[in-house]
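*Asks:* Dropping a structure here in structure tokens format, bear with me for questions.
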Amino acid sequence: MLIPHPLLGLRDAQEFTYLGDASLMSPPPSDDPEALERHVHLRDNPAGLLRELWFHEQGDRSWLVVTRDTRTHEILGAELATDIRREGAR
Amino acid sequence: MDFNGFRVVWEGLTGHRGWKPLWRDPDPKPAYDIVIIGGGGGGLATAYYLATVFKEARIAVLEKGWLGGGNIGRNTTIIRSNYMLPGNQPFYEFSMKLWETLEQETNFNSMVSQRGILNLCHSDGQRDAFRRRGNAMILSGADAELLDTDAVRQMYPFLNFDNARFPIKGGLLQRRAGTARHDGVAWGYARGADRAGVDLIQNCEVTGLRIEAGAIKGVETTRGYIGAGKVGVAVAGSSSRVMQMAGLRLPIESHVLQAFVSEGLKPCIDGVITFGAGHFYVSQSDKGGLVFGGDIDGYNSYAQRGNLPVVEDVAEGAMALMPALGRARLLRSWGGLMDMSMDGSPIIDTTPVDGLYLNAGWCYGGFKATPASGYAFAHLLATGQPHPTATAYRLDRFARGLPIDEKGMGAQPNLH
Amino acid sequence: MTRLDGGHVDRTRALRFTFDGKRYTGHSGDTLASALMANGVRLVGRSFKYHRPRGIFSAGSEEPNALVTIGTGARAEPNSRATVVELHEGLAATSQNRWPSLGFDALQVNDLLSPFFAAGFYYKTFMQPAEFWEKLYEPMIRRAAGLGKLSMLPDPDAYGRGFLHCDLLVIGAGPAGLAASLTAARAGAEVVLADEDFALGGRLLAETHTLDDDDATAWIAATEAELRSLPNVRVLSRTTVFGTYDHGVFGAVERVGDHLPRPQTVRQTLWRITAKRSILAAGAIERHIPFAGNDRPGILLGGALRAYANRWSVTPQASETDRVAIFTSTDDGHRTALDLMAKGVPILAVIDPREDAPRLGNYPLRKGAVVSGAKGGRKGLSSIEITEGGRSDWFECAVLGVSGGWNPNVHLASHHRGRPEWSEADAQFLPPSELPPGMSVAGAAAGQGSTHGALASGAEAAKAALGLDTLPELPRAEDAPSRGMALWHVPGRGRAWVDFQNDVTVKDIALAHKENMRSVEHLKRWTTLGMATDQGKTANVTALAVMAELTGKTIPQTGTTVFRPPYTPVALGVLGGGDTGAHFRPRRLTPTHPWAKAQGAEFVEVGQWMRAQYFPQEGETHWRESVDREVLAVRSGVGLCDVTTLGKIDVQGKDAGEFLNRVYANMMGTLKVGRVRYGLMLRADGFLYDDGTCARMAEDHYVVTTTTANAGLVYRQMEFARQCLWPDLDVQLISTTDAWAQIAVAGPNSRALLERVVDGFDLSTESFPFMACADLTVCDGLRARLFRISFSGEHAYEIAVPARFGNAMMDRLMSLGQDLGATPYGTEALAVLRIEKGHAAGAELNGQTTAQMLGLGRMISRKKDSIGAVLSRREGLEADTRRLVGLQSVDPSQKIPAGAHLFTAGEARDLNTDQGWVTSACWSPHVEGHIALGFLAGGDGRMGEEVIAANPLEGQEVAVRVVSAHFFDPEGDRLRA
């Protein structure tokens, strides 16, 4: 697979480490332990588009949010996680 | 019709005119007491034990494709009970005991072959961990032996002892482990279930679950609505998709695992060998193909196919451990859909929906569990109580902080 | 048999080879199959199940029959298809799956017993008595099964690996592929053209077609010359593209040295080709028509018969007067007859089931007739039965070409699980409409069977793929439509083979139907159809059609089969030949490695690092002598140990303290500058992840350490926290593990030793107490970092210097510390020291343990939130009473096995009574007895109790006393001194 790194262009997926659903970026507040437990353990696991986290470990060490179709592996885009998280915080 | 050698000879002499279908192709009835979704190994075994051991009647198995087409149709055929944790080991040992009598019970030769499995170790720390595991195996009534380098060399002299990046320091051997002919297992259970009156319904995809007042009433399918007293879901990699119909999210991700088979070769590898340091394991089928695999590709996928880097990684593992495999040729590879759970262990449990039961999260290790998985799920469906060896496989174990994490990797499915 | 006229072998170059030890001669340009044919060898192999005698069936990689072992000794390669093995001088081929010889094979008895070996028979028997399966039945089956034999000697050859990137990958160099390549190449695109054959031209080489009224080879040669001359084109012949992967990645194997007589530097190369666009022009594979006895040597595909005659100037005739027949249901078969006649081969007849079969030339034609039987011994076909209008007659015949139409070779087009689509009009499966992204299909692979069609579709495909405006001028070529009917099998009572290699007959398919194994997948698995080394290339479509006929359904209703990589079998050697042996995985060396090596250290791998395990001295005969000496040296003098491998992460920025507060379970923000704190890191699920130290070098600068094994993981986790959770914190991270060499200086004399290297730095406890840290210089100006921390429990320091000075630093410390008893120690002594002190390491931090189990539960701060803190309070974690305890052998000389399980004395030994386990164990020179660490249920309240460490795996039971895990200096006086 090839991942379109927003800064570095197409990079081989072997340079990256996979984490999983990008929802892991948005934990609920710590005063809701049950929500936090669900956040850590439950997944939508969609057959279709998934926004997911990849770490460019053998590269520039940025975390990316990649949008990929889990049925076809087609990648629709990749963004810097930092940008996404900052936007979400606003 | 019973299968035996005399029947085979008789039919051979009389032109094979007497053989009957291995199972019927019934149309779905309007309603059943118990509907099992998924005609893979788990679903078929569940139906078989429900009908034969728990004497349930009016059972249907609904399969969207063909019977045995789940992960039981594509795996590396290994059976073993070499786990460490108390939540796991007794269950897998129960499964092993069921394997040992399976063929006589189902009257179908599933080619259960106790050729032994050897896990190689490469450091003192790994050896200590193996000792802990081997002791857990023995304490659960299973068999285990800790081998030193020389004993490993005697078993498999062709392993790379001399020029290895990870020198072989010994191994954990379970002699009662081995392989079984995966399709034969599915067919044995299917035929047995059919003979016990279970309706096995192929090409019948479940498209919805009818739930009223928090209780399951039946399932919508591509072949119409089917009423059900209880519904058991055993759909492996499709678990999230099916349970989503009941509004449930699962502690599961679907991943792709590739497996491989070589061209047929005269016997050269007797048992199962696993090389954890190199992500490689191998055995040889009765037909002569080397059956091998490695790690999951590592990303969520429903595509049922993998990518080249993992193929290379597995082949490198093969070459690192057995340089003699250089001239064996890869014949076919395939990608299976694995229901990877958050702790690497399965779930056999009730759900918040009355009458809806779940059997899922087998990761890439469901095949060996097939008999116990079916038995324990049948036990739960029939009695409402978990089977004594499966009490830890609860859905709420994550909320409660009771994971069964053999590898100690935490809530990241692709690390299990 | 002598050669016919013409052809593309170089008759001036003779090549000697052997088959089953017998010497033969062929020519340059021959395959092993054509050379065997030229030498009159008709029997080349035995089938898998019935051990039937078999001859050459095809002229390509679809070959089901002619499997041989090439080479000898460690270079013996089983299951090689003679039809694609390029002949070279000295080639040694051996037949396989026969004993004692190919001519007389004892297991041909299986053929007589075949009535009992019908599809799926083994599932129905061999069940009683149960133990006979492993002892008798299975060994018997295993010995009979399998094809060739692996030498089980290490592969002596080297393999290459390469990466190619291109605008267009063209797979197949037949007319379509060449036209596509030419179109793209002339437009300036980066083109890779790959073909599995050693000569370009594809099917053109097997035909007598003209291009622009000239021999087709002229155009091929000109095209090849042009392509090879262009810098933007890479022509890879002898290269099989075996798999279509994601995002335009293809796997391909180039046979670099297999066709050369002597072993080369590289035997084969694995190419990973990344292509923006691809054109599959892999041609088509002919199908046969099953009839009774159709597996005799001498019966082969009609197109193959034509190829052998035209390209290699041979036929499978035993003598040139042998009569050859053609059984065809398409016009194409008639061309075979024409070409053979042109070369003077006597034609018995062309048998065509169509009443309106065309006549293309002056050969005996039997319209509306079929071949319904074949006779012959192991030497092959001697006569065939022709049935016409209810009347059957036998005719002497040595060779029969069978042409049942062509199946587009859509293998690579369906690796993404797109299903080939049935065309009723063409009676073919065409490429799936859902092709892998970027791929198009041209030529016969797309159903364009004529030469003109292939050329035009190839050029058009390239034009479309690259968005070009113009097409190159293509040569004029035949454009004859090939009509035909689909005849899937000739009904009859005898066995008619569908899958030759695995001996699957029409009857087997009928039996599968009878037993309700009707879906394609059941059919394949029940009968083993398509499971042979050819993946059913000549069998699957025919079998589907037979099953469709039985069920009364259409072919598409019956199903299609999924093609899976690889297209043809690929040697594991080339797939995994990149990094093997000692180079299988990287090895990391510590900065003091050269020094340690010079000291004669034994090394051990720790998380890819090679660390000194112990330093044997003269006279020491057992590793423990060395370790005990090193341990005592640390406890009494001063020891030196390279601890560079521990992960080091520099954390800088205004919010560094807040960041670490959130990442570590305990409070780090309040740490004073110049001080170090032990830190615990939890996973998101609340279990222990890692431990280490946090040193605050400045207000906005921390240096944190991780365990060796988790260095990469912790860094990844911290970057996740920084980028994905709290990007607004002002904090920067960088891993400096490799930048600093770090040496532990431990023992009562450690301060005295360090005083000799620091540049005027006050090391007194008052100014530099336990858990202090500082930036300083040593050895006259070398910048360094000093931490007063201790893993051993001794008064100890860790000193860090830039990595390139690590080796010199160790040397300097050793020489300056001679009189202080300076002694290097390795990981074994380190382990003993930390067990004596009760410090956790990998065995205790195994991902299944909690802070509470380590007795460190109170370190999880409740004054702030941190990763995993909330989930660490889940009931299951809180209720766990297992605690890290010390264990001491009641009989001090008795070793405690790590991995033993703990039991209350007098209780049964099973999983229900299991009380915990031993994590780490050693001989303690300090205690003068065997000690261990372990997790014990209710451990805190069981001090002094005698429990059993049981190791039934090795038949051991050791009585151990539960003690504090701090065997050494429990009050910590030594640390603070």
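*Asks:* How many of the residues in the stretch B:268-281 are more than 7 Å from every other protein chain (Cβ to nearest Cβ), out of contact with any helix residue (DSSP H, G or I) (no Cβ under 7 Å at 6 or more places or on another chain) and at pLDDT 95 or above?
*Replies:* Within the stretch B:268-281, residues that are more than 7 Å from every other protein chain (Cβ to nearest Cβ), out of contact with any helix residue (DSSP H, G or I) (no Cβ under 7 Å at 6 or more places or on another chain) and at pLDDT 95 or above number 7.
*Asks:* For the stretch C:340-359, how many residues meet the condition of being open to solvent by less than 10 Å² (accessible area, probe 1.4 Å) and in a helix (DSSP H, G or I)? Spell out the reasoning first.
*Replies:* Going through the stretch C:340-359, the residues open to solvent by less than 10 Å² (accessible area, probe 1.4 Å) turn out to be C:340, C:345, C:349-352, C:357.
Now restrict to residues that are in a helix (DSSP H, G or I): C:340.
Looking only at that region, the number is 1.
*Asks:* Something else now. Just give me the residues in the stretch C:408-418 being in contact with a helix residue (DSSP H, G or I) (Cβ under 9 Å, 6 or more places away or on another chain) and surrounded by fewer than 24 Cβ atoms within 10 Å (Cβ to Cβ), in sequence order.
*Replies:* C:H416
*Asks:* Taking the residues in the stretch C:216-274 that are among the basic types (K, R) and free of Cβ contacts under 8 Å to residues at least 12 places away in the same chain as candidates, determine which candidate is farthest from C:A206 (Cα to Cα).
*Replies:* Residue satisfying both the conditions and the ranking: C:R262.
*Asks:* Looking at the stretch C:553-666, what helices (runs of 4 or more DSSP H) fall wholly within it and have at least 2 residues that are under 39 Å from the mean Cα position of the chain (by Cα) and surrounded by fewer than 21 Cβ atoms within 10 Å (Cβ to Cβ)? Step through it out loud before you land on a result.
*Replies:* Numbers: elements: C:555-558, C:572-575, C:593-598, C:623-636, C:656-663.
Because the criterion is at least 2 residues that are under 39 Å from the mean Cα position of the chain (by Cα) and surrounded by fewer than 21 Cβ atoms within 10 Å (Cβ to Cβ), the helices (runs of 4 or more DSSP H) in the stretch C:553-666 that meet it are C:555-558, C:593-598.
*Asks:* Being of a type in the set (A, V, I, L, M, F, W, C), over 30 Å from A:S23 (Cα atoms) and touching a His at 6+ places or on another chain (Cβ under 6 Å): is that true of B:A318 here?
*Replies:* So B:A318 does not fit the description; no.
*Asks:* While we're looking at this one, here's another question. If you take the residues in the stretch B:49-73 that are open to solvent by 30 Å² or more (accessible area, probe 1.4 Å) and under 16 Å from B:D183 (Cα atoms), which one is modelled with the highest pLDDT?
*Replies:* Per the stated criteria, the residue is B:W66.
*Asks:* Out of (1) assigned to a strand (DSSP E or B); (2) open to solvent by 50 Å² or more (accessible area, probe 1.4 Å), what's the single condition that is false for C:R909?
*Replies:* Against the list (1) assigned to a strand (DSSP E or B); (2) open to solvent by 50 Å² or more (accessible area, probe 1.4 Å), C:R909 comes up short only on (1).
*Asks:* Now for a separate question. Taking the residues in the stretch C:856-891 that are part of a loop (DSSP other than H, G, I, E, B) and open to solvent by 60 Å² or more (accessible area, probe 1.4 Å) as candidates, determine which candidate is farthest from C:L845 (Cα to Cα).
*Replies:* Checking each candidate, the answer is C:D891.
*Asks:* For the stretch B:241-264, enumerate the residues that are in a strand (DSSP E or B) and charged (D, E, K, R).
*Replies:* B:E253, B:E263
*Asks:* So which of A:A47, A:A22, A:A35 ends up being of a type in the set (G, A, S), under 14 Å from the mean Cα position of the chain (by Cα), within 12 Å of chain B (Cβ to nearest Cβ) and open to solvent by less than 50 Å² (accessible area, probe 1.4 Å)?
*Replies:* The match here is A:A22.
*Asks:* Residues that are within 47 Å of the chain's Cα centre (by Cα) and either open to solvent by less than 40 Å² (accessible area, probe 1.4 Å) or modelled with pLDDT of 95 or more (or both): does the stretch C:360-371 have at least one?
*Replies:* yes
*Asks:* Let me ask something else about it. Give me the residue from the stretch C:127-154 that is under 22 Å from C:S101 (Cβ atoms) and either assigned to a loop (DSSP other than H, G, I, E, B) or more than 7 Å from chain B (Cβ to nearest Cβ) (or both) and, out of that set, most open to solvent (accessible area, probe 1.4 Å).
*Replies:* C:K149
*Asks:* While we're on this one: For a quick check of your reading of the model, give me the residue pairs whose first member lies in the stretch C:83-97 and is more than 17 Å from C:L43 (Cβ to Cβ), whose second is open to solvent by less than 20 Å² (accessible area, probe 1.4 Å) and assigned to a loop (DSSP other than H, G, I, E, B), with beta-carbon atoms closer than 6 Å and at least 6 apart or on different chains.
*Replies:* Listed by first residue and then by second, the contacts come to C:V84/C:S61; C:L87/C:D30.
*Asks:* Sort through B:R181, B:R241 and tell me the only one that's closer than 30 Å to B:L325 by Cβ and open to solvent by 10 Å² or more (accessible area, probe 1.4 Å). Full working, then the answer.
*Replies:* Numbers: B:R241 fails: closer than 30 Å to B:L325 by Cβ.
Just one listed residue meets the conditions, B:R181.
*Asks:* Next question. C:I931 versus (1) assigned to a strand (DSSP E or B); (2) within 11 Å of another protein chain (Cβ to nearest Cβ): which is the lone unmet condition?
*Replies:* (2)
*Asks:* Mind listing whichever residues of the stretch B:217-237 are of a type in the set (A, V, I, L, M) and under 11 Å from B:V35 (Cα atoms)?
*Replies:* Once the filter is applied, which keeps residues that are of a type in the set (A, V, I, L, M) and under 11 Å from B:V35 (Cα atoms), the stretch B:217-237 yields B:V219, B:I226, B:A228, B:V231, B:V233, B:A234.
*Asks:* Which of the residues that make up the stretch C:54-112 are outside any loop (DSSP other than H, G, I, E, B) and among the charged types (D, E, K, R)?
*Replies:* Selection gives C:R54, C:R75, C:E77, C:R81, C:E86, C:D105, C:D111.
*Asks:* Got a number for residues in the stretch B:93-111 being open to solvent by 10 Å² or more (accessible area, probe 1.4 Å) and either more than 10 Å from chain C (Cβ to nearest Cβ) or on the phi < 0 side of the Ramachandran plot (or both)?
*Replies:* 8
*Asks:* Please tell me if B:A376 is open to solvent by less than 10 Å² (accessible area, probe 1.4 Å), part of a helix (DSSP H, G or I) and out of contact with any Gly (no Cβ under 9 Å at 6 or more places or on another chain). First the steps, then the outcome.
*Replies:* Details: open to solvent by less than 10 Å² (accessible area, probe 1.4 Å): yes; part of a helix (DSSP H, G or I): yes; out of contact with any Gly (no Cβ under 9 Å at 6 or more places or on another chain): yes.
The answer is yes for B:A376.
*Asks:* Say whether the condition of being within 28 Å of C:D111 (Cβ to Cβ), assigned to a loop (DSSP other than H, G, I, E, B), at pLDDT below 95 and charged (D, E, K, R) is met by at least one residue in the stretch C:41-49.
*Replies:* Yes, the stretch C:41-49 contains at least one residue that is within 28 Å of C:D111 (Cβ to Cβ), assigned to a loop (DSSP other than H, G, I, E, B), at pLDDT below 95 and charged (D, E, K, R).
*Asks:* Out of curiosity, is B:G218 outside any strand (DSSP E or B) and either polar (S, T, N, Q) or farther than 30 Å from C:D910 by Cα (or both)? Give the steps one after another, and end with the answer.
*Replies:* Values: outside any strand (DSSP E or B): no; either polar (S, T, N, Q) or farther than 30 Å from C:D910 by Cα (or both): yes.
For B:G218, the condition - outside any strand (DSSP E or B) and either polar (S, T, N, Q) or farther than 30 Å from C:D910 by Cα (or both) - is not met.
*Asks:* Scanning the stretch B:333-350 for residues that are out of contact with any helix residue (DSSP H, G or I) (no Cβ under 8 Å at 6 or more places or on another chain) and modelled with pLDDT under 95, which turns out farthest from the other protein chains (Cβ to nearest Cβ)?
*Replies:* Among those residues, the one meeting the criterion is B:G335.
*Asks:* Let me ask another. In the stretch C:745-773, what count of residues is obtained for those that are surrounded by 15 or more Cβ atoms within 10 Å (Cβ to Cβ) and in contact with a Phe, Trp or Tyr (Cβ under 7 Å, 6 or more places away or on another chain)?
*Replies:* Of the residues in that region, 4 qualify.
*Asks:* Please determine, by comparing only the residues of the stretch C:499-519 that are over 16 Å from B:G15 (Cβ atoms) and more than 8 Å from chain B (Cβ to nearest Cβ), which one is most open to solvent (accessible area, probe 1.4 Å).
*Replies:* Among those residues, the one meeting the criterion is C:R518.
*Asks:* Could you look through the stretch C:256-282, keep only residues that are in a loop (DSSP other than H, G, I, E, B) and polar (S, T, N, Q), and pick out the one that is least open to solvent (accessible area, probe 1.4 Å)?
*Replies:* This residue is C:Q264.
*Asks:* Quick check on the stretch C:964-977. Is at least one of its residues at pLDDT 95 or above and assigned to a strand (DSSP E or B)?
*Replies:* No, the stretch C:964-977 has no match at all.
*Asks:* Take the residues in the stretch B:248-267 that are farther than 30 Å from C:A144 by Cα and facing another protein chain (nearest Cβ under 7 Å); name whichever of them is most open to solvent (accessible area, probe 1.4 Å). Break it down stepwise before answering.
*Replies:* Here is the first cut: in the stretch B:248-267, the residues farther than 30 Å from C:A144 by Cα are B:248-257.
Right, trim to facing another protein chain (nearest Cβ under 7 Å) and you get B:249-254.
Values: B:R249: 107, B:L250: 3, B:P251: 2, B:I252: 1, B:E253: 2, B:S254: 1 Å².
Ranking the qualifying residues of the stretch B:248-267, first place goes to B:R249.
*Asks:* Oh, and also: Within the stretch B:130-148, track down each residue that is in a helix (DSSP H, G or I), open to solvent by 40 Å² or more (accessible area, probe 1.4 Å) and more than 7 Å from every other protein chain (Cβ to nearest Cβ).
*Replies:* The answer is B:R133, and nothing else.
The values are calculated or read from the model by the stated rules, or taken from the named source; none is laboratory data. In this text, all values refer to a predicted model and were calculated from it rather than measured experimentally. Note that each Cβ is placed from the backbone with ideal geometry, even for glycine, and that neighbours are counted across all protein chains shown. Surface areas here come from the heavy atoms of the whole protein model, side chains and all, with no ligands, DNA or RNA. Shrake-Rupley method; radii C 1.70, N 1.55, O 1.52, S 1.80 Å.
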